[in-house]
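**Q** I have a structure here, written as C-alpha cells, and I will follow up with some questions on it.
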Amino acid sequence: MANRTRKRLSKTELKKDPVYDGLEKGLVFVKARYKELLGGLLVLILAIVVINVLVSASKKAEESAMAGFITASGIYDQAMRAAASGDARTTIQALDACNAMAMETWNQHPQRSWGRRCAVLASKVMILQGNNDQAITILGELLAAGPAKDVEMSAQIHMATALENRGSRQDLENAAAGYRRVLELAGDNPDFTPVAAEAMMGLSRVSWAMGDAGGAEEWLGRSLELNPDTTAFIGYSLARLNVR
C-alpha cells in the first residue's frame, strides 16, 4: 500500500490548532503577568533558602547543646573522681566549672533537650554546693517549660531533694508531692525502676522528717524491694540513730 502524504496545514488551519492556541494563550498570560510570576518565583526561592537556613541553624543548635552537656558531664565526673580521692580543691574547681558550662548551655538552649538536661545537671551541682534556693529556682523554670518525661523525672527528684534540704514544713510537703509525681511518671516501666526506688527512699526520709515513722518504714521497705542496695538502708539507719 502506498504511503499517504500528510497534507500540510494552512496558516488558517494552524491557527485553529488547539495546541498552538494553548501555547499562544500561555505566552500572552506570561507576558501579562510577568512581574507577578517573577515576584512569586522570587518569594518561593526565598522561602526555600530561609527553610534551609533554619534547618541548618536548628541542627547546629542541637549539636551545640549536646556538646555543652557532654562537656559539663565530663567535668562533673572529674569532680567526683577528685572527691573520691580526697582532693577538695580540684573538686570545688571542677564543680564550679561544671556549673558554669551547664548554665551557659541551658541559657543558650532552653528549648533543647540537651539544654534542659544541663539545667538538671547545674541544679545537681548547686545542691552539692548548698545552693538549694538557686537550684529550686532553676528547676522551677525547667518544669514550667514542660520537659520530656525523662527530664521531668530527673528534675522532680532534684527539686524534691533541694526542698528536703531546706526543710520547712511546706518544703517537705512539696518534696513529697514531687516524689509522688516521679512515681506517677515511672508507672510500671521497668526502665524507671531505679528512679522509682530513689523516689520511694525520698518519701521515706520526708515521712520520717514529718514525724510519720510508720510511713517512713513502709516507703523504705518498698524502696528496698525495688532496689535491694543496702547502702541507702545503712545511711538511713544511721540518720535515725543520730536523731535519737
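Just so you know, all these numbers are worked out from the coordinates, no wet-lab data involved. Here the structure is a predicted model, which is why all the values come from computation and not from measurement. Note: ideal-geometry Cβ built from the backbone for every residue, glycine included; neighbour counts use all protein chains shown.
**Q** Multiply the residue gap between residue 63 and residue 217 by 0.36 nm, knock off their C-alpha separation, and tell me the result in nm, one decimal place. If you can, show how the numbers build up before the last one.
**A** Values: separation 154, 0.36 × 154 = 55.44 nm, distance 4.56 nm.
Result for the pair: 50.9 nm of gain on full extension.
**Q** How big is the gap, in Å, between the Cα center of the range 95-146 and the Cα center of the range 156-228?
**A** Value for the Cα centre distance between the two parts: 21 Å.
**Q** Continuing with this model, one more query. Just rank 142, 226, fewest to most, by other beta-carbon atoms within 10 angstrom.
**A** Values: 142 26, 226 19.
Least to most surrounded, the residues fall as 226, 142.
**Q** Which of 76, 179 comes first, and how do the rest follow, when ranked by fewest Cβ neighbours within 10 Å? Walk me through the intermediate numbers first.
**A** Numbers: 76 22, 179 28.
Neighbour counts put them in this order, fewest first: 76, 179.
**Q** How large is ³J(HN,Hα), in whole Hz, for each residue of the range 209-220 in order, when computed from phi with the Karplus curve 6.51 cos²θ - 1.76 cosθ + 1.60 and θ = phi - 60°, using x for Gly and Pro?
**A** So the J values, rounded to whole Hz, are 5, 9, x, 9, 5, x, x, 4, 5, 5, 5, 5.
**Q** May I ask you to work out the translational diffusion coefficient for the range 101-166 at 25 °C, viscosity 0.890 mPa s, via Stokes-Einstein with Rh from the Kirkwood sum over Cα pairs, reported in whole µm²/s? Show your work: numbers first, answer last.
**A** On the way: Rh = 11.3 Å.
My calculation gives 218 µm²/s for D.
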